[in-house]
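Shown next, in structure tokens, is the structure this report addresses.
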Amino acid sequence: MTPGIAAPLTLLDKIRRQILSNGPISIADYMAQCLGDPKFGYYMTKDPFGTAGDFITAPEISQMFGELVGGWCVETWKQLSKPSKFNLIEIGPGRGTLMSDLLRIAALDSEFHAAASIHLIETSPLLKRHQQETLENAKLAVSWHESMASISDAPTILIANELLDALPIRQFMFTDSLWRERVVGVGQDQKLAFGLGAATLDPKSLPNHCHQIDEGTTVEISTAVTNLVEDISRTLLRNGGACLLIDYGYTRFTTGDTLQAVKTHKPTGILDEPGEADLTAHVNFDAVKRAAKLSGVYHHGPLEQGTFLLNLGLLERAGQLGSDKDRKTQEQIRADVERLAAPDQMGNLFKVFAMSSEALNLPGFQN
């Protein structure tokens with residue numbers, strides 16, 4: 001640090017100083033710092049999950065979600081010819097709730113349970129501590145990693161729920177017959193502000209239906225998402241296996257600005273409080289699917305989450321859970337089913353996509 005210059009007190013101070021010194025930054029860089037800065041980043045310093053946090057994910061809504069994903073893992077393992085040793089990997093495990101519910105169901109199959117080696121990929125020290133608490137009574141040893149690179153090769157079953165939406169995106173706006181990149185700069189009032197940078201996007205990289213568009217139209221590109229899909233694909237092709245990706249997004253490449261900030265379950269300004277709010281964007285599952293195809297893996301979906309969970313037996317599991325319960329508990333279970341699967345709640349907005357190293361009849365994807 002330069003002598004005489006005080007350390008930044010907030011992430012806003014740090015980003016503002018960076019911009020004033022080096023010029024505007026991309027939205028991807030802004031997202032990466034807001035979410036992952038070692039000292040100030042949202043996921044490094046916050047527990048965002050649950051009613052006391054900023055948002056609620058499907059595993060936090062009901063145990064049924066994790067249990068059905070657990071059943072999916074067991075059936076997929078069987079279709080992979082029951083490898084005697086395999087890696088069960090979750091990227092972005094939150095509080096560990098999904099893995100906890102998954103393992104409770106998976107333990108019913110003693111062969112699966114004996115073969116599984118559990119690996120959680122987590123970069124947040126705070127969330128890692130929550131995961132350790134949640135899984136402290138797990139009957140299987142759990143290993144933590146910061147990336148897949150440190151996990152030994154073995155047949156792989158990988159899951160990730162609400163991970164892709166938090167990966168950085170770049171935005172390009174159509175203006176004066178060019179796709180120019182949106183950037184974050186500092187305005188005259190010293191507040192962060194959006195602007196247009198010098199970088200442009202080759203229109204040939206966009207689908208044909210994005211060529212005839214209006215002035216001011218925005219598109220979003222995430223190389224971070226496609227890079228992760230390619231990385232997972234290489235792992236599956238090298239070791240054999242399958243993965244399950246669940247997130248909110250769209251199935252056909254479309255235009256529009258989907259970047260949003262959420263704090264205490266309410267929308268807030270994207271540039272207002274860097275590091276204090278969650279930043280996400282809708283996942284382009286059309287791009288995910290194209291990346292998977294180019295990588296050479298078999299792909300399945302995307303499919304609406306509601307259809308997927310119903311195919312896996314959501315209603316049957318709800319009936320089992322509520323069969324001997326009081327009316328209030330049964331009504332809560334019904335409300336949870338609605339929230340997870342109803343078209344006007346998570347059912348249609350969230351999509352499910354799977355990849356596999358070989359042609360498999362993966363559970364849940366039979367329409």
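Can you order the peptides 200-208, 225-233 by their average number of other Cβ atoms within 10 Å per residue, highest first?
Working: 200-208: 11.4, 225-233: 19.6.
My ranking of the peptides, most packed first, is 225-233, 200-208.
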Just tell me which lysines come within less than 17 Å, Cα to Cα, of Lys266; anything on the same chain fewer than 8 places away is out. Lys46
For the Cα atoms of the chain, what angle does the longest principal axis make with the long axis of helix 223-239, in degrees from 0 to 90, nearest 10? 30 degrees
Residue (of His282, Gly301, His265) at the positive-pole extreme of region 256-301, dipole from beta-carbon charges: Gly301
Exceeding 20 Å between C-alpha atoms, which entries from my cross-link table qualify? They are Lys263/Lys351; Lys85/Lys139; Lys39/Lys128; Lys289/Lys351; Lys14/Lys39. Lys263/Lys351
Whole-Hz ³J(HN,Hα) for each residue in region 342-354, computed from phi via Karplus 6.51 cos²θ - 1.76 cosθ + 1.60 with θ = phi - 60°, x for glycine and proline: what do you get? 5, x, 8, 10, 8, x, 9, 5, 7, 10, 10, 9, 10
Determine by what factor the alpha-carbon radius of gyration of region 18-86 differs from 2.2 N^0.38 Å, reporting the quotient. 1.79
Debye-sum result for region 126-171 in log10 I(q)/I(0), which assumes one identical scatterer on each alpha carbon, at q = 0.30 Å⁻¹: -1.23
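Quick one: plug the Kirkwood hydrodynamic radius of the chain (C-alpha pairs) into Stokes-Einstein at 37 °C, 0.692 mPa s, and report D in µm²/s. Before the final figure, lay out the partial values.
Numbers: Rh = 21.9 Å.
Taking Rh from Cα pairs, D becomes 150 µm²/s.
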Hey, can you grab everything whose amide H is under 5 Å from the amide H of Trp179? Only 5+ residues off in sequence or another chain; H modelled, so Pro and N-termini drop out. Leu201
If you take all C-alpha pairs in region 48-107, what percent of them are over 19 Å apart? 34 percent
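Counting pairs of alpha carbon atoms under 8 Å apart in space and at least six apart in sequence, what relative contact order in percent does region 59-115 give? The partial results should precede the final answer.
Values: 45 pairs, mean separation 29.2, N = 57.
Relative contact order comes out at 51 percent.
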Putting +1 on Lys and Arg Cβ atoms and -1 on Asp and Glu Cβ atoms, find which of Ser21, Ile61, Leu126 reaches farthest to the positive end of the dipole of region 16-173. Ser21
How much of the accessible area of the chain, probe 1.4 Å, is carbon plus sulfur, in whole percent? 49 percent
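So what is the diffusion coefficient of region 253-367 in µm² per second by Stokes-Einstein at 37 °C and 0.692 mPa s, using a Kirkwood Rh over Cα pairs?
On the way: Rh = 16.9 Å.
Calculated translational D: 194 µm²/s.
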Dipole magnitude of the chain about its Cα centre, charges +1 at Lys/Arg Cβ and -1 at Asp/Glu Cβ only, in debye to the nearest 20? 440 debye
Over all directions, how big on average is the projection of the convex hull of the alpha-carbon atoms in region 79-207, in square nanometres? 12.8 nm²
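Counting helices only, and only those DSSP H runs with n ≥ 4, report the 222 nm mean residue ellipticity of the chain as the sum of -39,500 (n - 2.57) divided by its residues, in deg cm²/dmol to the nearest 500.
Values: 13 runs with 133 residues, N = 367.
Per the formula, -10500 deg cm²/dmol.
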Restricting to bridges with both residues inside region 215-367, how much of the DSSP beta-bridge set is antiparallel, in percent to the nearest 5? 90 percent
Checking region 75-107 for trypsin sites (Lys or Arg not before Pro) in a loop per DSSP with at most 13 other beta-carbon atoms within 10 Å yields Lys85
The chain, accessible area per residue, ligands and nucleic acids excluded (1.4 Å, Å²): 46 Å²
Work from the charge dipole of region 133-279 (Cβ charges, +1 for Lys and Arg, -1 for Asp and Glu, about the Cα centre) and give the residue of Asn227, Thr200, Ser143 farthest towards its positive end. Asn227
Computed Rg/Rh for region 160-273 (Cα atoms; Rh = Kirkwood radius) stands at 1.02
Report, by chain and number, residues whose modeled amide H sits under 5 Å from the one on Gly241, excluding near sequence neighbours (fewer than 5 apart, same chain). Thr156, Ser357, Glu358
Computed over the chain: relative contact order in percent, which uses C-alpha pairs under 8 Å that are six or more apart: 19 percent
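The values are calculated or read from the model by the stated rules, or taken from the named source; none is laboratory data. As the structure is a prediction and not an experimental result, all values here were calculated from the model. Cβ coordinates were reconstructed from backbone atoms using ideal geometry, including for glycine residues, and neighbour counts include every protein chain displayed. What goes into the accessible areas is simple: the full protein's heavy atoms, side chains included, and nothing from ligands, DNA or RNA. Shrake-Rupley method; radii C 1.70, N 1.55, O 1.52, S 1.80 Å.
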